[in-house]
Amino acid sequence: MVENHTPDNLEIAPRHLKFDVEEELKTLWHGGDVFKTAFFNALSMQFPLGEHQFIEAVRKYRDRIEDPKLQQQIRGFIGQEGIHSREHKRYNEALRARGYDIDGMDRRFEKHMKFVHSLPASRQLGGTCAAEHYTAVLAHSLLSNPDALEGASPKMKALWRWHAIEETEHKAVAFDVYQNTVRNNRMRVIIFFFVTYNFFKYTFLNTCSMLKTEGKLWSVRTWLGGLNYLWGKPGVLRKCLPEFLTYLRKDFHPWQHDNRVLIDEWKSHFDDEYRSATV
Ligand SMILES: [Fe+2]
Ligand SMILES: [Fe+2]
């Protein structure tokens, strides 16, 4: 039995924000850096369909949850992911202005998501737990490592930090639903490897697609800079690696890593940061 580490007083409620980033997305918004911009945009490309799928997967088990606290957290989770999905759809539409092949990337991912939809509900929920682990670890990295968004425009920083905060708040919801219903630890770990492969595959392919449009797909300098950013210094992914792997532990629970201090810190300057970034 996995011990539940979810804090008792955890608040998960959607913030009804609408970001004003259309103009930013016409530019290389991450400090003029083509790789970093493409990498974040590539992540965004997966969110609308991915997050929609997470909601569906959790909904299938909602009726089996008796704990009123977890029921409330599920409501918060669905609300947050729904708004993320909507805002990233707007984000991705705005990327068309740069000439990116949005339809091609969407078609490719849709095909994969169609396959995910055809899986048994328990596997869909297991996939959601693994994907939520990836988003939560990346979110922690973005929030705790100022270098990750260094040079990005203030509005884009605000958007990514908002998403990262809410991913932190609801990081254990799908997991707690899984532990209350499916409870198959072996399957959870096996699915993690599939999700890992697909997460990196689509992030890589989408990054390549955007670099191609930018005329930088074969630029050694661009790739070296990108590799340095992800695996060298600051090493956004390298720093995440040990945390990614904690998922394989038998007694893993997302709140074993209690990082609520990041949420509190963010809340303390929420107003200033968001008044100017949203409409
Ligand atoms: Fe999200
Ligand atoms: Fe999430």
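The values are calculated or read from the model by the stated rules, or taken from the named source; none is laboratory data. Remember, predicted model here, so these are calculated numbers, not experimental data. So basically every Cβ, Gly included, is an ideal-geometry build from the backbone, and we count neighbours across all protein chains shown.
Taking into account only those residues within region 130-152 that are under 12 Å from the mean Cα position of the chain (by Cα) and of a type outside the set (Gly, Ala, Ser), which is farthest from THR246 (Cα to Cα)? Spell out how you get there, then give the answer.
Taking region 130-152 as the starting set, the residues that turn out to be under 12 Å from the mean Cα position of the chain (by Cα) are 130-142.
Now restrict to residues that are of a type outside the set (Gly, Ala, Ser): 132-135, 137-138, 140, 142.
Values: GLU132: 13, HIS133: 10, TYR134: 11, THR135: 14, VAL137: 10, LEU138: 14, HIS140: 14, LEU142: 18 Å.
So the residue we want is LEU142.
From ALA57, ALA42, ALA13, ALA38, which residue is closer than 30 Å to THR246 by Cβ and either among the basic types (Lys, Arg) or not in a helix (DSSP H, G or I) (or both)?
Result of the check over ALA57, ALA42, ALA13, ALA38: ALA13.
Kindly establish whether TYR197 is within 29 Å of ARG15 (Cβ to Cβ), at pLDDT 95 or above and away from ligand 2 (no atom under 16 Å from the Cβ).
Working: within 29 Å of ARG15 (Cβ to Cβ): no; at pLDDT 95 or above: yes; away from ligand 2 (no atom under 16 Å from the Cβ): yes.
The answer is no for TYR197.
Is there a residue in region 90-101 that is within 15 Å of ligand 1 (Cβ to nearest atom), part of a helix (DSSP H, G or I) and within 30 Å of ASP8 (Cβ to Cβ)?
Looking through region 90-101, none of the residues is within 15 Å of ligand 1 (Cβ to nearest atom), part of a helix (DSSP H, G or I) and within 30 Å of ASP8 (Cβ to Cβ).
If I filter region 133-143 for residues that are part of a helix (DSSP H, G or I) and surrounded by fewer than 16 Cβ atoms within 10 Å (Cβ to Cβ), do I get at least one hit? Walk me through how you get there before you give the answer.
Here is the first cut: in region 133-143, the residues part of a helix (DSSP H, G or I) are 133-143.
Keeping just the survivors that are surrounded by fewer than 16 Cβ atoms within 10 Å (Cβ to Cβ) gives none.
Checking region 133-143: not a single residue is part of a helix (DSSP H, G or I) and surrounded by fewer than 16 Cβ atoms within 10 Å (Cβ to Cβ).
Could you check, for region 48-56, whether at least one of its residues is aliphatic (A, V, I, L, M) and either in contact with a His (Cβ under 6 Å, 6 or more places away or on another chain) or more than 16 Å from ligand 1 (Cβ to nearest atom) (or both)? Outline the logic, then answer.
Pass one, region 48-56, residues aliphatic (A, V, I, L, M): 49, 55.
Going one step further and asking which of them are either in contact with a His (Cβ under 6 Å, 6 or more places away or on another chain) or more than 16 Å from ligand 1 (Cβ to nearest atom) (or both), we end up with none.
The answer is no; no qualifying residue exists.
Only one of (1) away from ligand 2 (no atom under 14 Å from the Cβ); (2) assigned to a helix (DSSP H, G or I) fails for LEU28. Which number is that?
(2)
Could you grab me the full set of residues in region 1-54 that are over 22 Å from ASP106 (Cα atoms), in contact with a strand residue (DSSP E or B) (Cβ under 8 Å, 6 or more places away or on another chain) and modelled with pLDDT of 95 or more?
Residues satisfying the conditions are HIS30, GLY31.
Check region 151-158 and report whether any residue there is surrounded by fewer than 19 Cβ atoms within 10 Å (Cβ to Cβ) and either modelled with pLDDT of 95 or more or in contact with a Gly (Cβ under 7 Å, 6 or more places away or on another chain) (or both).
Checked region 151-158: at least one residue is surrounded by fewer than 19 Cβ atoms within 10 Å (Cβ to Cβ) and either modelled with pLDDT of 95 or more or in contact with a Gly (Cβ under 7 Å, 6 or more places away or on another chain) (or both).
Pairs only if they're at least six apart or on different chains, beta carbon under 7 angstrom, first in region 43-62 and more than 14 Å from PHE115 (Cα to Cα), second more than 14 Å from ligand 2 (Cβ to nearest atom) and aliphatic (A, V, I, L, M); list them, first residue then second.
MET45/MET105; LYS60/ALA121
So which helices (runs of 4 or more DSSP H) stay within region 162-279 end to end and still have 2 or more residues that are among the hydrophobic types (A, V, I, L, M, F, W, C)?
Details: elements: 173-180, 185-213, 220-231, 241-245, 260-268, 270-275.
Hits in region 162-279: 173-180, 185-213, 220-231, 241-245, 260-268.
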